[in-house]
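A short write-up of the structure that comes next.
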Amino acid sequence: MQIEKTVAGVKAQVREWKKEGLSVGFVPTMGYLHEGHKSLIDRAVQENDRVVVSVFVNPIQFGPTEDLESYPRDLNADSILCEKAGAALVFAPEVSEMYADNFTTFVDTSGVTEELCGKSRPIHFRGVCTVVNKLFNIVTPDKAYFGEKDAQQLAVIRRMVRDLNMNVTVVGCPIIREEDGLAKSSRNTYLSAEERQAALVLSKAVFAGKAMIADGETDGDKVLDAMKQIISAEPMARIDYVEMVKWDTIEVHHKVDCPVLVAMAVYIGKTRLIDNFIQE
Ligand code: PAF
């Protein structure tokens, strides 16, 4: 497996593959890879001739008070996981390789970015769309793989790809959970043992909400109230949001009469965790 630090190096390799008629799958990540990322790489390996994984902690998607500096990094472990999973190339650029000093061009997607994480992290999706656009231009993948754990991000990327006529198929992949239900996340490493236990309220609320809808409940407020009660019973948890939105437009919608996303962001101590379920 090849590890590339430069844009030119990735472009040259992908050009070779394309000349040979090989398809390219792409998994964009911020590294510190876990089973959730591995499931994306596994799927990409199944569906493409060559797979590129990017490992880049993208500074422009972090707000000034967020965890850019402390975000966990381990390129060595990430490379081993990628190689074992069958990736052909890891793209791990320095910030200076991605952003020149006078970088001033951004991709801004409106509407789908206004609720949920877009409300509490105002510049986040502009940073995500900009870097994903750049990465798509560098890797020129046939298919790109994103986890449903970041469901709003998936909806935003789908919208950007549609609106800008980008030549890539976006594939959404299911959330991977620990045995006790906690959704896998690089940020779980921030949790103390006590916080790790408290964090289970997120998946408990997700499972409860899902069960209510499976039992026929269509009133979104009742579902959300029950979920909020579960979370609020945990003293270490502080709700950022628990919300129901239309899955395609991310507009607030409190009736289960179309595909909906039920999503939450909850602080456990200082760590902000997200979880969700999609009701198609
Ligand atoms: O989901 C992530 O890890 C990031 O937001 C992404 C898509 C790699 C862009 O930096």
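The values are calculated or read from the model by the stated rules, or taken from the named source; none is laboratory data. Keep in mind that what you see is a predicted model, and the values were worked out from it rather than measured. Because the Cβ atoms are built from the backbone with ideal geometry, glycine has one as well, and the counts that use them run over all protein chains shown. Areas reflect the complete protein model, heavy atoms only, side chains present, ligands, DNA and RNA absent. Shrake-Rupley method; radii C 1.70, N 1.55, O 1.52, S 1.80 Å.
Looking at region 162-197, which of the residues that are of a type in the set (A, V, I, L, M, F, W, C) and in contact with a Leu (Cβ under 8 Å, 6 or more places away or on another chain) is most open to solvent (accessible area, probe 1.4 Å)?
Of everything passing the filter in region 162-197, Val170 is most open to solvent (accessible area, probe 1.4 Å).
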(message) For region 198-218, give me each residue that is within 22 Å of the chain's Cα centre (by Cα), among the hydrophobic types (A, V, I, L, M, F, W, C) and open to solvent by less than 50 Å² (accessible area, probe 1.4 Å).
(response) Ala199, Leu200, Val201, Leu202, Ala205, Val206
(request) Identify all residues within region 139-151 that are surrounded by 23 or more Cβ atoms within 10 Å (Cβ to Cβ) and part of a helix (DSSP H, G or I); write none if there are none. (result) Val139, Ala151
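For every residue, the table says whether it meets (1) of a type in the set (Lys, Arg); (2) under 18 Å from Val139 (Cα atoms); (3) touching a residue at least 60 places away in the same chain (Cβ under 8 Å).
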| position | (1), (2), (3) |
| --- | --- |
| Gln2 | no, yes, yes |
| Lys5 | yes, yes, yes |
| Ala8 | no, yes, no |
| Met30 | no, yes, yes |
| Asp49 | no, yes, no |
| Phe56 | no, yes, yes |
| Thr65 | no, no, no |
| Tyr71 | no, no, yes |
| Ile80 | no, no, no |
(message) Quick check on region 21-35: of everything there that is open to solvent by less than 20 Å² (accessible area, probe 1.4 Å) and within 14 Å of the chain's Cα centre (by Cα), which residue is farthest from the ligand (Cβ to nearest atom)?
(response) Phe26
(message) Could you check region 127-149 and list, in sequence order, the residues that are within 13 Å of the ligand (Cβ to nearest atom), charged (D, E, K, R) and closer than 14 Å to Val27 by Cα?
(response) Lys134, Glu148
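Got a sec? Which helices (runs of 4 or more DSSP H) wholly within region 163-280 have at least 2 residues that are touching a His at 6+ places or on another chain (Cβ under 6 Å) and not basic (Lys, Arg)? I'd like the intermediate steps shown before the answer.
Values: elements: 193-198, 200-214, 220-232.
Here the list reads 220-232.
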(request) Determine whether Glu114 is out of contact with any Lys or Arg (no Cβ under 7 Å at 6 or more places or on another chain), farther than 17 Å from Gly31 by Cα and in contact (Cβ under 8 Å) with a residue 12 or more places away in the chain. (result) yes
